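These notes concern the structure reproduced below.
The values are calculated or read from the model by the stated rules, or taken from the named source; none is laboratory data. In this text the structure is predicted, and so the values were computed from the model without any measurement. When we count neighbours, we look across all protein chains shown, and the Cβ atoms used for this are built from the backbone with ideal geometry, even at glycine.
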């Protein structure tokens, strides 16, 4: 705890009414100012980020706790939600966006009494318009579903379970709610706790009770493991990807600033977005793919295997980029990497929220000496440092926090492009926070 | 499960020898077990004053003999879990010495946050035989019993006592996994077994 926080988290609002049972995860909608919260009461609660009130409750689909949910991206005129439950099934739910648009209108004009009454506006509409329609139940897992994730295009849905498997389903989008099983991967040796798609590529990352993180890609019609990352010494609970084009903040105004950022972007273009993971071992680690060319060269140099044998091999080498400052005393359940600001937030069993920022530093002059084998292209490697900018103790009182997410702020006091943190806790409470620098 | 017992002839302790302070008739036991317990445990129990910042009044509660006013201590945890029945025998975990008073501790969950009211209750379990496959079920029973009985500021940590079980690490990892425990509580078959174990608890 040697860090000196420079920012503070302020409670913006609770989402009301809260669930009466444990809530596991809250997923912000990709475009509308709404959120979906998964609860142990077998329902999903949809809240407004405009007035922080409950809009609707999706119930009747799952026989046990809803553990996870994810919004399908790029759907026009409709919202599609995938839910994963301890009952071993995955549900797909649909709803026309008329309601969300009404929210948007309200958003522009300010709060009206109508929306404060919750569904008041909608009662004038056709019943069918209001309801979440249960579309299809995806049946295949043998035990509890722990996480679901849509691919960036929205074509593929990945699901994972305590049965140690990951399933990839293709949404056939045939108007008949048909999904086809594309692949079942069973390499993990324990519960698969989390699946997360790369922000642009069809590359899936998974985290497990077996302490590993694995990466999966399709290679000539077959989905297979391309990397197995070892490093954590406990269950890996959650993963999140870095946004595309993320550039860390420059510490101080300096002449080198612009060139540093440019260098950084070049580096990122080669290795691609990084992956962050959090674990029962109380650490948060960031992982980076070793650039392909460099990797091929090193293989040639070490002359173990001539690169000509597998010039386009799918195997990837992922290395630990950084271990974040250790600020949690108990298991870390979730980490969220903002796609807008690059800030990272983590939560866990100790009830603490921690926010981290990555700062771009002037390259150390001794870099060459440390890496004698580096090729000339890598000598000027931008170097970053992660610092803790905010810590909030007991954010949900005595309760454990199960999930954290960044969402675009939507209430009328918002500033342009401002974000809020959304935390979800064991007592069923969901809170939104603003970060003040 | 019932037809083939893992341990058909377990060692059973005499009920009169079990630590207690609930029955006045055996209040002399308090002298033997109570003092020893209080001497070692009070500093941590003490810091667990129910209120935030209750730190200053700690010396007063130390001398407070009124049991009703006493914060939750190891004996109370013992009383909660020792009456649980073994899934194999109609005998309590206390009588089987699966749970014992010296293997129960209460510590601040966040030692670096003095104002935090969070307390961790650690219960070490000694299975009757080192390869008992029911260790997970027993551990789950203890965890369920404590989670249902204690206020939410208590975190329950149930583990196999070191050196007493062949797959202790595996069992401990399962018992510490919140998600697995939550899912187990929704498993009807498993909860049937647990409910039966807890039937003997008052």
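So here's what we get for this one:
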{"quantity": "Output for the stretch A:342-385, where each listed residue is modelled with pLDDT of 95 or more, away from chain B (no Cβ under 14 Å) and outside any strand (DSSP E or B)", "calculated": "A:342, A:343"}
{"quantity": "In the stretch A:58-91, the residues that are assigned to a strand (DSSP E or B), modelled with pLDDT of 95 or more and more than 14 Å from every other protein chain (Cβ to nearest Cβ)", "calculated": "A:58, A:69, A:70, A:71, A:79, A:80, A:81, A:82, A:83, A:90, A:91"}
{"quantity": "Matching residues in the stretch B:148-188 - criterion: being in a helix (DSSP H, G or I) and away from chain A (no Cβ under 11 Å)", "calculated": "B:148, B:149, B:168, B:169, B:171, B:172, B:175, B:181"}
{"quantity": "Condition met for residue B:200 (surrounded by fewer than 19 Cβ atoms within 10 Å (Cβ to Cβ), more than 10 Å from chain A (Cβ to nearest Cβ) and without any contact (Cβ under 8 Å) to a residue 60 or more places away in the chain)", "calculated": "no"}
{"quantity": "Residues of the stretch A:148-168 satisfying the condition of being without any contact (Cβ under 8 Å) to a residue 60 or more places away in the chain and more than 14 Å from chain B (Cβ to nearest Cβ)", "calculated": "A:151, A:155, A:156, A:158, A:165, A:166, A:167, A:168"}
{"quantity": "Selection from the stretch A:24-41 of residues that are more than 17 Å from the chain's Cα centre (by Cα), within 14 Å of chain B (Cβ to nearest Cβ) and buried (at least 21 other Cβ atoms within 10 Å of the Cβ)", "calculated": "A:39, A:40"}
{"quantity": "Complete set of residues in the stretch B:179-190 that are surrounded by fewer than 17 Cβ atoms within 10 Å (Cβ to Cβ) and under 24 Å from residue A:400 (Cα atoms)", "calculated": "B:187"}
{"quantity": "Residue B:144 being buried (at least 21 other Cβ atoms within 10 Å of the Cβ) and either within 17 Å of residue B:126 (Cβ to Cβ) or within 14 Å of another protein chain (Cβ to nearest Cβ) (or both)", "calculated": "no"}
{"quantity": "Residue match in the stretch B:125-133 (condition: more than 14 Å from every other protein chain (Cβ to nearest Cβ) and not in a loop (DSSP other than H, G, I, E, B))", "calculated": "yes"}
{"quantity": "Set A:176, A:142: member being on the phi < 0 side of the Ramachandran plot, within 13 Å of chain B (Cβ to nearest Cβ) and assigned to a loop (DSSP other than H, G, I, E, B)", "calculated": "A:142"}
{"quantity": "Members of the stretch B:89-115 found to be crowded, with 20+ Cβ neighbours inside 10 Å, part of a loop (DSSP other than H, G, I, E, B) and over 11 Å from the mean Cα position of the chain (by Cα), listed by number", "calculated": "B:95, B:96, B:109, B:110"}
